[in-house]
1. I'd like the per residue volume of the convex hull spanned by the Cα atoms of the stretch 30-261, given in cubic angstrom.
2. Just S167, S204, S121 to compare: in a GNM of the chain, with alpha carbon springs under 10 Å, which one fluctuates most?
3. GNM on the chain, C-alpha springs below 10 Å: top fluctuator among H50, H69, H201?
4. Within the chain, what's the longest stretch lacking GluC sites (Glu not before Pro) that sit in DSSP loops with no more than 14 other Cβ atoms inside 10 Å?
5. Among rounded, prolate and oblate, which fits the stretch 7-76 when a ≥ b ≥ c are the square roots of the eigenvalues of its C-alpha gyration tensor, a/c under 1.5 means rounded, and a/b larger than b/c means prolate?
6. Can you figure out the FRET efficiency of I87 with T56, using R₀ = 41 Å and their beta-carbon distance, to the nearest 0.05?
7. Which residue, A79, A116, A134, has the most motion in a Gaussian network model of the chain that connects Cα atoms within less than 10 Å?
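Only the coordinates and a few stated rules stand behind these numbers; no lab work does. Treat the numbers as computed from the prediction; the structure is a model and nothing was measured. Note that we place each Cβ from the backbone using ideal geometry, even for glycine, and neighbour counts take in every protein chain shown.
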Amino acid sequence: MSRSPSHVFPFPRSRQVVVDAARFARHRPTIRGLIEVDVTSARERLRQHHAATGETRSFTAFIASCLAHAVDADRSLHAYRDGRGRIVVFDDVDVGVIVEVTAQGRSFPLAHILRAANRRSLRELHDELRAVQAHPGASPSGRQARLADLFLRLPGPVRRAVYSWVSRHPHVWKARFGTVGLTCLGMFGPGGGWGLALPVHTLSVTVGGIGEKPAVVDGRIVPRELLSLTLDFDHDLVDGAPAARFARDLRERLERAEGLENLAGATTRSEMEAV
């Protein structure tokens, strides 16, 4: 039998990270929620700030800030179980976020951890993400690329044994991966829609697209910008009730544009409605 024309390429070693994550994630008892959040006010404030200053503020930093403060309000959302059956709850919320960076003319995702995001201002988080985008080597993940490449050369069973060991040592996990995960799929294209990622944290948030939809505001049907969010919880550590309370808290923080109140050119919600 003759073969159809085709091209054969070696499997990129960097893709092995995704393969390993998928193996790890499929054994987690995950409960998942799909919600929509009205981010019209937040987006309007960001646009006004850009018009007034020329600066484009990071929407990812805004979400990371709201996420960190919502977790800080109930730290059981980023608890981890150690190898001795104890539950470890951290004071600092370290947000592991995927940042799109460019190197050698190619764009690729880089895992970066926003340390103690619950104790820092939105401006600080924005500046850090922009610095990593401009200089990927500034991120510890970028500086450790050589070590990561050596690790990926190990046989699969050895890598999985390492992941298993790390998962039983919460402080090591926190240092390597952060305490909550944030994946922003919406930055790769316009329009609404939910993303289903591979959750490896106790709490993982996947940011989908933003779509303009009709919504009822003060008894009137008006167009609003609705963000699709996917919330994944490790059911071994998080029950439905605290998960629902967290979802409500996160939604409220995003909808009131928490942290964007003092942007140059931004107006308050009441001022916007009065116009």
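1. Roughly 139 Å³ of hull volume per residue.
2. Greatest mean-square fluctuation among the candidates belongs to S121.
3. It is H50.
4. Numbers: sites that count: E55, E261.
The segment 56-260 is the longest one with no such site.
5. Numbers: a/c = 2.93, a/b = 1.49, b/c = 1.96.
Oblate shape, in that a/c is at least 1.5 and b/c is the bigger or equal ratio.
6. E between I87 and T56, to the nearest 0.05, is 0.50.
7. Checking each option, the largest mean-square fluctuation is seen for A134.
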